[in-house]
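Take a look at the structure below.
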Amino acid sequence: MTQIVTLNKEKHRSLVVDARASAAYGDSRRFVRVIVKEFPHLLVHYPILFSKNPQTGEFYCGAMLGIDEGENLFLEEWADRQFYRPLDLQRGPFYSHGPDLAIDLDDPRVGAEGGKPLFTEQGQPTKYLQSIIWAFQDLNPGVEMTKLFIARLLELKLIEPVDVEVEFDDGTSRQCVGLYTIDEEALASLPDAVVVELFRRGYMRLIHYMIASLKQVPVLARKKNSLFLKETGSLAGARAPAMG
Amino acid sequence: MKTGGFSVTLIESPDIRIIGVGEGTWPTIRGSLEKIGVSETELFKQCDAAFKQGGKFAGWTTGAADDAYYHPLMLPQGFSQVNLVPHWMRSARDQSFCDFVTPQGRLCDDGLAPKTITSAEYRGAANYSYHLDAGKFAPFLAKHCTEKLGVRHVLADVVQVNQGQSGDIESVLTPQAGEISGDLWIDCSGFHALLIGKTLGVGFKDCSDVLFCDTALAVQVPFETPDAPMASQTIATAQDAGWIWDICLPTRRGVGHVYSSRHSSEEAAREALLRYIGPQHKDLPVRKIPIRSGHRETFWKNNCIAIGLAGGFLEPLESSAIVLVELSAKLLAEQMPANREVMDIVAKRFNDVTHYRWGRIIDFLKLHYVLTRRTDTAFWRDNVDPATIPERLRELLTLWKYQSPWFFDEFDRLEEVFPAASYQYVLYGMGFETEVIPEDTLDSERLASRLRQENERQTQQLRAQLPTNRELLNKIHEYGLQPV
């Protein structure tokens, strides 16, 4: 159940929220929605790809966190804040409601042991709450900017499906379907005027971040494979994934 | 169209209505529309389009209440590797042939769409074409062609055709736009056949001796509720002297009785139609459309090509007319003569191929009738009279007693209108018997059994994943389909 209410510094003065990443809090996701502003942070760890909303078919950008459904291979790195955690997960139980911040009081993070307070005794936002406010200052316009970016890529036919196929040392393989990336051939054949336009709008940079981030797919595969190694004690390494 | 050094002008009479009977299409139309750059989302939104996954033929074999079979649009599993007919004949007669080889019949039974909202435009989990509002489709295409492809659209009536000494058409005269000249003419004047028939004198080859239906009574039936379930199969229900089509669009059904006026009075045909749609619809306007079954003796003469109704027409079974329009347009585009010198050579090829295609379509439509076991009316009895069956079809029917139609044999022409799979669905849907020698199936037994399992697996999977036709169409109207 959800019980989303507008955040109120009087009513919620003593509320605490557990901001840590945890499977119990819904961080176990193979793919999480991201905005274009996050791309520079993401590309050093995660493949950035497109996928479709299963309800509407609309494209969105996401970071790939695992290979199997419900698998996030970065929970350890997130626990000690080594790696960047996408805003959509950082925001935790918070939502934006017009100009206000709202919170889902039924979320398990709310009131959890070890949680952080939202307000100081004087009623001022804590550092934690301030970080949430900043996250939404990025997220709200960021979602729109990401939509515009995707719409332009679709117009230019720059998005193509990608088959991510990974083989593991335990003999199994996985095929991740429903993922899309930049069509590099189409990109290379764009007319000069469009190349300049994409550059000026800052899209060219984003496009190249996405292309470069594909190199994280084999890294992700090796990460998962090392889990198999721990389990089986095998010594072989992961085979390079086939991308086509 | 200003590519390839030529331009295209469409001269259309502002007053003559389109016939607009054909609301069904064949899957080739997806390729045709994608190729000319039409957005599938816009097609759904602007042409009141819905999915078509095949035909369901009720009452054609015995006329009994449970007599029905599917002609789905998906090929049988592993069609290029193995012919499953002998395997079905030998070991699976408890199941329909359709269900033995493809999930599509069961998807139709469940009212499921052939794709999901995350499928790209023109892509699907199951093969499909469209049911659409022909009255909206024509202006939709005209708009696309003028705005995107540079076709000039002139609304004018042709009152005079000027020919040169060789008989070639040089220009046409219109009161609205004056004289319009051209090098190559496509006669799309429908039943008038203004250029190919009236001007160039090409005769008409009647085939009502093979296909008896010559009249259609068409009606548009509203849904009881806006969210009523929709079928994605064209339902063709056999009658005493013809058959009734039933096509679902999102906003209404298109229903029509196609019958032979030699075997039924108009009065009786109207009554049959009313019985089918129900007495609550007795006041709906019924349009009467003549069907002159047959085609031109030549399709390309001099510098004129007949495409569409000017080239020929058949009863709207299996959407064959629109397929021929597409195939003819494609053939012309690919073979566009570079100059007048080579035109007659291209014309000869065009005529050969198009003659062949008409012949095969007539054979295929007749196949639906000759396999009947109905003897209750003269219409069905007359249909099995060998004198009414084209010779080639008679030969094939003899051959098929001992071998079933398949991938390589017989169907050798590039872009056969109806593939061997379609013949299989009709033949074995109607209980045709092909003798099977058990030893002949031994080699492929394991493959066949694997394909059978694959078919069951795929059927379960699709049934679990696919939305209903209505659900998906609503989503397409709300969100659109993505181009990739």
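The values are calculated or read from the model by the stated rules, or taken from the named source; none is laboratory data. Treat the numbers as computed from the prediction; the structure is a model and nothing was measured. Counting neighbours? That spans all protein chains shown, and the Cβs are built from the backbone with ideal geometry, glycine included.
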Reported set for segment B:374-393 where residues are loosely packed, with under 13 Cβ neighbours inside 10 Å and either out of contact with any Gly (no Cβ under 9 Å at 6 or more places or on another chain) or in a helix (DSSP H, G or I) (or both) is B:T375, B:D385, B:P386, B:A387, B:E391
Name the pairs whose Cβ atoms lie under 9 Å apart, with the first residue in segment B:67-90 and free of Cβ contacts under 8 Å to residues at least 12 places away in the same chain, the second surrounded by fewer than 21 Cβ atoms within 10 Å (Cβ to Cβ) and part of a loop (DSSP other than H, G, I, E, B), and 6 or more positions between them or separate chains? B:D67/B:G59; B:D67/B:T61
Selection from segment A:57-88 of residues of a type in the set (S, T, Y) and within 14 Å of chain B (Cβ to nearest Cβ) yields A:Y60
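Does segment A:89-102 hold any residues that are part of a helix (DSSP H, G or I) and either within 14 Å of another protein chain (Cβ to nearest Cβ) or hydrophobic (A, V, I, L, M, F, W, C) (or both), and which are they?
A:L89
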Top-ranked residue of segment B:221-263 - restricted to ones that are more than 15 Å from the chain's Cα centre (by Cα) and among the aromatic types (F, W, Y), ranked as farthest from B:I19 (Cα to Cα): B:F223
Scan of segment B:263-296 for residues that are farther than 26 Å from B:G135 by Cα and surrounded by 14 or more Cβ atoms within 10 Å (Cβ to Cβ), ordered by number: B:H263, B:S264, B:A268
Among the residues of segment A:145-154, is there at least one that is surrounded by fewer than 16 Cβ atoms within 10 Å (Cβ to Cβ), at pLDDT 95 or above and in a loop (DSSP other than H, G, I, E, B)? no
If you check B:D187 against the conditions, is it touching a residue at least 24 places away in the same chain (Cβ under 8 Å) and either surrounded by fewer than 18 Cβ atoms within 10 Å (Cβ to Cβ) or small (G, A, S) (or both)? no
Which one of these does B:H192 not meet: (1) over 22 Å from B:W26 (Cα atoms); (2) modelled with pLDDT of 95 or more; (3) away from every other protein chain (no Cβ under 14 Å)? (2)
Of the residues in segment B:227-251, those that are touching a helix residue (DSSP H, G or I) at 6+ places or on another chain (Cβ under 9 Å) and either surrounded by fewer than 15 Cβ atoms within 10 Å (Cβ to Cβ) or among the aliphatic types (A, V, I, L, M) (or both) number 9
Being in contact with a Leu (Cβ under 9 Å, 6 or more places away or on another chain) and among the acidic types (D, E) narrows B:D157, B:D133 down to just B:D133
Given (1) out of contact with any Lys or Arg (no Cβ under 8 Å at 6 or more places or on another chain); (2) without any contact (Cβ under 8 Å) to a residue 24 or more places away in the chain, number of the condition B:L274 does not satisfy: (1)
What residue, of A:V177, A:V110, A:V162, is within 14 Å of chain B (Cβ to nearest Cβ) and buried (at least 19 other Cβ atoms within 10 Å of the Cβ)? A:V162
Of B:D94, B:D109, B:D133, the only residue that is crowded, with 17+ Cβ neighbours inside 10 Å and charged (D, E, K, R) is B:D133
Condition check: over 30 Å from B:E454 (Cα atoms) and of a type in the set (S, T, Y). Does B:S80 satisfy that? no
Working carefully through the options A:F119, A:F199, find the one that is of a type in the set (F, W, Y), surrounded by 14 or more Cβ atoms within 10 Å (Cβ to Cβ) and over 18 Å from the mean Cα position of the chain (by Cα). A:F119
Looking for whichever is outside any helix (DSSP H, G or I), free of Cβ contacts under 8 Å to residues at least 60 places away in the same chain and either surrounded by fewer than 18 Cβ atoms within 10 Å (Cβ to Cβ) or among the β-branched types (V, I, T) (or both) here; the options are B:E435, B:E456, B:E478, B:E439. Which one fits? B:E435
Need a quick list: strands (runs of 3 or more DSSP E) entirely within segment B:102-186 having at least 2 residues that are within 14 Å of chain A (Cβ to nearest Cβ). none
Kindly indicate whether any position in segment A:36-47 is away from every other protein chain (no Cβ under 14 Å), under 28 Å from B:I476 (Cα atoms), buried (at least 22 other Cβ atoms within 10 Å of the Cβ) and touching a residue at least 24 places away in the same chain (Cβ under 8 Å). yes
For segment B:462-484, the count of residues that are under 20 Å from B:P226 (Cβ atoms), away from chain A (no Cβ under 12 Å) and of a type in the set (A, V, I, L, M, F, W, C) equals 1
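Every residue in segment A:103-118 that is touching an Asp or Glu at 6+ places or on another chain (Cβ under 9 Å) and hydrophobic (A, V, I, L, M, F, W, C), please.
Once the filter is applied, which keeps residues that are touching an Asp or Glu at 6+ places or on another chain (Cβ under 9 Å) and hydrophobic (A, V, I, L, M, F, W, C), segment A:103-118 yields A:V110, A:A112.
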Out of (1) at pLDDT 95 or above; (2) farther than 26 Å from B:Q53 by Cβ, what's the single condition that is false for B:Q403? (1)
